[in-house]
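Peer 1: Here it is, the structure, as structure tokens.
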Amino acid sequence: MPPASADLSAVLVVAATARELAPPEGWRVCCCGVGPVEAAAATAAALAVSRPAIVVHVGIAGARRASGLQPPAIVVGTETIYCDLGVPERFAPSRLATPAALVEAACRALPPATCAAIGTSGRVGHTSGCDVEAMEGFGVLRAAALAGVPAIEVRVISNAVEDTDRTLWRFDDAFAAVQALTPRLVRELAACVR
């Protein structure tokens, strides 16, 4: 249990949609919009206004069937991979590692979570080299990295990446799970702030 004195206002929680944002209990929030470009721009703007100690990106995601991750499994991102970028790393990064201390804190807060790389793509089904797919993570974490703020991505699985029929996706369960886990996650991560 983190100390009661943890400063929750030092944490900025970023999500693509309002349905992924839990009502703030002292932490700050940013609804960044859908896709990597919107996410990067909105996060950079939020960081320019007020510099938090930690950025926590939460939301729903898809998982490849072969991963065994079923909705509403929780995934703590160990790294984020920008799958849409096809240039050498010397021109622009396509992978960002999550600080180990944040991964450890997230795992303490969310014991059933799986740790894995999370891919970012502006199109559903277009990630590679990872079992978990989302649309904003790299944008959020890259904006935070450029601002010198440590950041982590935590997702709840809503669907199999291979399911093109969105009526099969468990949006409501995943949105509810994201909102439910956010307070525990934020409190544990806020305790990492020195």
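Peer 1: For D84, what charge total do you get from the other residues with a beta carbon under 15 Å from its beta carbon, if Lys and Arg give +1 and Asp and Glu give -1?
Peer 2: For residues surrounding D84, the net value is -1.
Peer 1: What are the DSSP H helices in the chain that stretch 27 Å or more along their long axis, judged by alpha-carbon atoms, and whose average Kyte-Doolittle hydropathy comes to at least -0.5?
Peer 2: Once both thresholds are applied, what remains is 171-190.
Peer 1: Output needed for the chain: three equivalent-ellipsoid semi-axes, defined as square roots of 5 times the C-alpha gyration tensor eigenvalues, in descending order, whole Å.
Peer 2: Those come to 24, 20, 15 Å.
Peer 1: Hey, another quick one. Please work out the Cα convex hull volume for the stretch 71-163 and give it in Å³ per residue.
Peer 2: Cα convex hull per residue, to the nearest whole number: 89 Å³.
Peer 1: Need the full-extension length gain, A180 to V49, defined as separation in residues times 0.36 nm minus the C-alpha distance. One decimal, nm.
Peer 2: Length gained between A180 and V49: 44.4 nm.
Peer 1: Further question: List C32, C83 from most exposed to least, where exposure is judged by having the fewest other Cβ atoms within 10 Å.
Peer 2: Going from sparsest to densest Cβ surroundings: C83, C32.
Peer 1: Hey, what D do you get for the stretch 20-120 in µm²/s if you plug the Kirkwood alpha-carbon radius into Stokes-Einstein at 25 °C and 0.890 mPa s?
Peer 2: Stokes-Einstein gives a translational diffusion coefficient of 159 µm²/s.
Peer 1: Here is a follow-up. Farthest toward the dipole's positive end in the chain, which of G59, G35, V13, given Cβ charges of +1 (Lys, Arg) and -1 (Asp, Glu) about the Cα centre?
Peer 2: V13
Peer 1: Just how large is the dipole of the stretch 1-71 about the Cα centre, in debye to the nearest 20, putting +1 at every Lys and Arg Cβ and -1 at every Asp and Glu Cβ?
Peer 2: The dipole of the stretch 1-71 has a size of about 240 debye.
Peer 1: Counting Lys +1, Arg +1, Asp -1, Glu -1, what net charge surrounds R64 among other residues with beta carbon under 13 Å of its beta carbon?
Peer 2: For residues surrounding R64, the net value is -3.
Computed from the coordinates by the stated procedures, all read-outs in this text should not be read as laboratory data. Computed from a predicted structure; not experimentally measured. Cβ atoms come from the backbone with ideal geometry, glycine included; neighbour counts cover every protein chain shown.
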